[in-house]
Structure formats: structure tokens, C-alpha cells
Amino acid sequence: MGSTIDHARCDVEREFACTLRHAESCGALAFWTFERELWTKLLALGRALVGLFLARRADRPGKTTYEHAGRKYALSDSRTSQLGTRFGKVSFTRPIGRRVGRSGTCDLPVDRDLGLCAGFSLGVVLAMTRLCAQMAFASARDTFRQSHEWTPSPRAVLRMVDAVGDHARPFLEQISAPDDDGEILVLQVDGRGAPMITETENQRRRCPHRRVGGTRRHGRRLRRHEHPRKRRAKGDKSKNAKLAVVGVIYTLRRTPEGIEGPINKRLIATFESHEALFVWLHREALKRGYGKKQTVFLADGCEHIWRLQEIYFPDAEVCLDWYHVIEKLWSAGECIHPEGSEELRAWVGEQAARLRKGTVLAVIETLRNVYASIPKTGPNNKGKRERIDRILKYLVENQSRLRYRDLRRQDLDIGTGAAEGAVRNLIAIRLDGPGMRWSRGRSERLLHLRCVLLNGLWDDFANHLAARDAVTLRSSPIATQTHAAKRKEAA
């Protein structure tokens, strides 16, 4: 291996000299051109240095026989392959461990000691995965190529996301409570659907595109003719969405100037079910002081959320999201006043003031009078009466949660703005883009990766994985899991 090290050292010296000449002989170039060419040469120098490092690590003396995972191996021949690094692909030669007494089974001890991930460095895997958590896979590969002048294949990118995503939720669950938390615990829950791939579409995508004459445009037209899109029946889902449930947990601190916060806001989410989210949120709340601290729970009018709140957070002070209720009042007011009129604005303002003062029964009585004042017959009257009736039932069912006066007197939150923003940032921006269709397994992994990213914990996550040599890439991406949304019954 000595000659390999000497050769690698010569490569480093050659690339360094080339870079130095470039800096000294490019006085007439525009800086943009100089900088672009310099970056290419610095990447080449980096590859040479990585090659020298790998040659020295492969040349380190070691035992000719060793044990790993309860099996005996003996070093025999060597293997040369390309290693994907942040500087580019580097040729890597190292010894192979052959299973003693067995044929065909081999081990790569140097790769394992270096923490390599099936032909890629951990730095490449984490950088690529972070980009995929921020943007579409194709955009992530293009962004990676812009700075590294190479990019992993689409298949390799999926393997990276699958492997790193496996560790995201266990990492989030093992994080301890912050030391500087506030005295008031706030919990918010909301949800949003992301489009999932159907079995029919999955089968179509698995079939290779047939070669046809003419342009690619003509090929797309032919596929549309062969697979026409059926007109949806009433109640059919256009997006085939699977609901992701998002939980937000943070604290507020009392100060002489008033309430300060949010403090140490954390996001968690899952596509599994409402109850799965509540089980996870309950564990996080116990870490943050639920049962010992004043706790406020906020959500919209979803029945599943409030049913589970009574089970998992019975001691919390509950509050129905203020903005959802106000939207209901605007909808009700449009049944008796023209849209956009001053009369409508004044009517909604009067009802909102009553809610803030705690006179909920007065608002309910007003809506009952509005319902009674609308004739049963006449243009649009049936729809108006049905709308008022729905809003009345909504307010009556949630009457005990309209605690705006009590919470505002304590300067506490009455709106789910944090949860609404979390839903948008976690799901809408990344998982609900044009043309996206997700597999259930990969969408769950990517959702947890976005939780790590948006919680500001990515560097801690990377250090956590590096310290444990935990990332192992599968030989192929995980199998696609299809989803069929439940058909909504027509009214």
C-alpha cells in the first residue's frame, strides 16, 4: 500500500500546484469566472486530500483475522470502488474480510470504522437528506449539484431519505426537556392532508414508458389518450389525501412586564392517526411539566381532537380557536347582511365583543333569533337556515370551550396560530406541492425529518447519528405503500 500512499501524495501536490497557478495567472479574468474555476480546482484538491486520507486509513496495520457480530472473518484480497464525498467521487481501495469457513460472505472493516454509508460519506447523506426535507427531490439534487458539481442518483437519494428518516422520530422522542422552560404549558393540535399515491397510479408509474415516434410532447399526448382521467363523482376525493396530525408544544413565562413566549416551541407530527399523535404529545407534555404546570389546550372544532383531549389531557384548560369561531360568525352574518357591508361588520363586531366578555349565551340566542327570522321559503332561504343551524350546533357543542374572557384576563393565548403555521410549514410547503403523490412510509419519514429541521435540531441530529454510526443504507428504496382515501358520502 506504500506506493498507493505515495501516488495519493503526488496527486495532492499536483492539485495544489495547479490551484496556486490558477490564482497567480488569472489577473485578466472576471472575478465570477475566476471564482467558478477556483471552486472546481478546490474540489479537485479536496478529492486528492480525501484519497490520501483513505489510503492511509486502509494501510493501517490490523489483525488478519477478527470477529464482527459474532462471526469470524479473515482479511484476504482488496476491493476498489467509488466513494461519494462532498468533494466528488473518490477511488477507494481497501481490504476485504472473508467469512471463515463460508464462501460468498464478505465484510468491509475499513468502511465500517470510517462510518461510511454504502458508498457515500455520512456528510453527503446528511446534506442530501436535509435538502430533500426542504424541497422536492429533483430540486434537492440540482441544488446539491450546484455546490458539489456532482449529485447522487435519484434511487440513491431515496435510499438516503429512507435510512436517515428511520432515526428522526427516535431522536425526537429521546430529547430531554429544556432547562429554561416557562411556568405555563401550551398545547395546540391541528391537521392537514397530503396527497398519497393510489394503487392504479403506482402500477402505471412502475411500467416503463413505451417508446413512440415523434416528440416527447406527442408521447405525453398519447399517454393521456390511453389513460383518460375519469370524471369524479360527487363525494370523490380529488387529492387522495392522508391526514397528518400536528402537535405544537411550548411554554409561556410570567414576567413583571407580562407574559413572555412562546418559549422552546417544538413540533411533532404523524400520518398514523389522531391517537398516535396524542400518545406522543402526552409523553412530551409530561417531560415539560404537564400535571404540575398550568396547561392550556387549543384546537379547532374537530371532534376527534376534543375526544382525545378529554382522555389524554383532562386537567388542561381548553379553548376553541378564536379565529375559527369568528369565521363562523362572518358566515352567519352574511345570511342577514350583504357581504362586505358596514352592517355585517358591525354585527360580527358586536358578537365578537360578547364572546370576549364571556356572554356566550347572548351570542347563541342572537343566532337563534336570526334562524327564526329567516322564512322557510324563498330564494336561498333553505341554504341560509341550514348554515345558521350548523353554526348554532357548533357553538352549543363547544360552549364550554369558549373561554376567551378567562384566558385573556390571564394574558394567555386564545388562537391556534402556532398550529396553523406548523401545519403550513411541515406539510403544505413540502408535502402538498403540484403533482406530488406520496408513499405512506416515505411521507412519514420525511415528515419527521421536517420536524427535526423546523425545531432547529438538525446539527444535534447529525452529531447524534455520527456518534452512533447509525445510518445504514438499504440496498433499494422501501416499497411503495399506496393509500385510498375514504369516499365522502354525498349530502
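The values are calculated or read from the model by the stated rules, or taken from the named source; none is laboratory data. Source: prediction; values computed, not measured. Heads up, the Cβs are rebuilt from the backbone with ideal geometry, glycines too, and the neighbour counts pull from every protein chain shown. Note: accessible area is taken over every heavy atom of the protein model, side chains too, but ligands, DNA and RNA are not part of it. Shrake-Rupley method; radii C 1.70, N 1.55, O 1.52, S 1.80 Å.
Structure notes:
- Computed with a 1.4 Å probe over protein heavy atoms only, the accessible area of ARG468 comes to about 140 Å².
- Only helices enter the 222 nm calculation for the chain: every DSSP H run of n ≥ 4 contributes -39,500 (n - 2.57), and dividing by all residues gives -15500 deg cm²/dmol, rounded to 500.
- The chain: angle of helix 458-468 to the longest principal axis, Cα-based, in degrees nearest 10: 50
- Surface composition of the chain: carbon plus sulfur atoms contribute 50% of the solvent-accessible area (1.4 Å probe, protein chains only, all chains present).
- Seen against the Cα atoms of the chain and their longest principal axis, helix 342-357 is set at about 80 degrees.
- Note on the chain: with charges restricted to the Cβ of Lys and Arg (+1) and Asp and Glu (-1), its dipole about the Cα centre is near 2740 debye.
- For region 152-210, the dipole from Cβ point charges (+1 on Lys and Arg, -1 on Asp and Glu) about the Cα centre works out to 1000 debye, to the nearest 20.
- Heavy-atom accessible area order for CYS132, CYS302, largest first, 1.4 Å probe: CYS302, CYS132
- Checking every one of the trypsin sites (Lys or Arg not before Pro) in region 332-390 against DSSP loop status and a limit of 11 other Cβ atoms within 10 Å picks out LYS376.
- Relative contact order, whole percent, for the chain stands at 18, derived from Cα pairs under 8 Å and 6 or more residues apart.
- Region 76-136: trypsin sites (Lys or Arg not before Pro) falling in loop per DSSP and having at most 14 other Cβ within 10 Å: ARG102
- Note on GLU67/ALA467: beta-carbon distance plugged into 1/(1 + (r/R0)^6) with R0 of 25 Å gives a FRET efficiency of 0.60.
- For ILE311 and ASP459, a Förster radius of 41 Å and the Cβ-Cβ distance give a FRET efficiency of 0.70, rounded to the nearest 0.05.
- Largest-first principal axis extents of the Cα set of region 1-81 (Å): 62, 25, 15
- Legend: residue pairs LYS242/LYS292; LYS292/LYS393; LYS230/LYS486, Cα-Cα distance threshold 26 Å; pairs beyond threshold, LYS242/LYS292; LYS292/LYS393.
- Spin-label pair GLU342/ASP406, simplified geometry with 7 Å Cα→Cβ offset, distance in nm: 3.9
- Phi to ³J(HN,Hα) by Karplus 6.51 cos²θ - 1.76 cosθ + 1.60 over region 401-418, Hz, x for Gly, Pro: 9, 8, 9, 5, 4, 5, 6, 5, 4, 8, 6, 9, 6, 10, x, 9, x, 5
- Here region 275-413 is described by how far its Cα atoms reach on the three principal axes: 57, 31, 23 Å, from widest to narrowest.
- Largest accessible area first, the listed residues GLU201, GLU327 line up as GLU327, GLU201 when surface is computed with a 1.4 Å probe on the assembled protein chains.
- Beta bridges per DSSP with both ends in the chain, % antiparallel, nearest 5: 75
- Difference of contour (0.36 nm per residue) and Cα-Cα distance, HIS304 to CYS106: 66.1 nm
- Helix 137-148 vs. the chain, principal-axis angle (Cα, 0 to 90°, nearest 10): 40
- Dipole of region 23-131 computed with +1 at Lys/Arg Cβ and -1 at Asp/Glu Cβ about the Cα centre; of VAL124, PRO109, ALA74, farthest Cα towards the positive end is ALA74.
- Taking all protein chains into account, the per residue accessible area for the chain stands at 55 Å² (1.4 Å probe).
- C-alpha center-to-center spacing [region 12-47, region 53-118] in angstrom: 34
- Calculated SAXS-style log₁₀ I(q)/I(0) at q = 0.06, 0.09, 0.13 Å⁻¹ - the chain, Debye, Cα scatterers: -0.45, -0.87, -1.28
- Positive-end residue of THR40, ASN463, THR251, charge dipole of the chain with Cβ unit charges: THR40
- In Å², nearest 10: area of ASP469 left accessible to a 1.4 Å probe: 90
- Segment SER3..ARG283, full-extension length gain: 95.1 nm, with 0.36 nm per residue of separation and the alpha-carbon distance subtracted.
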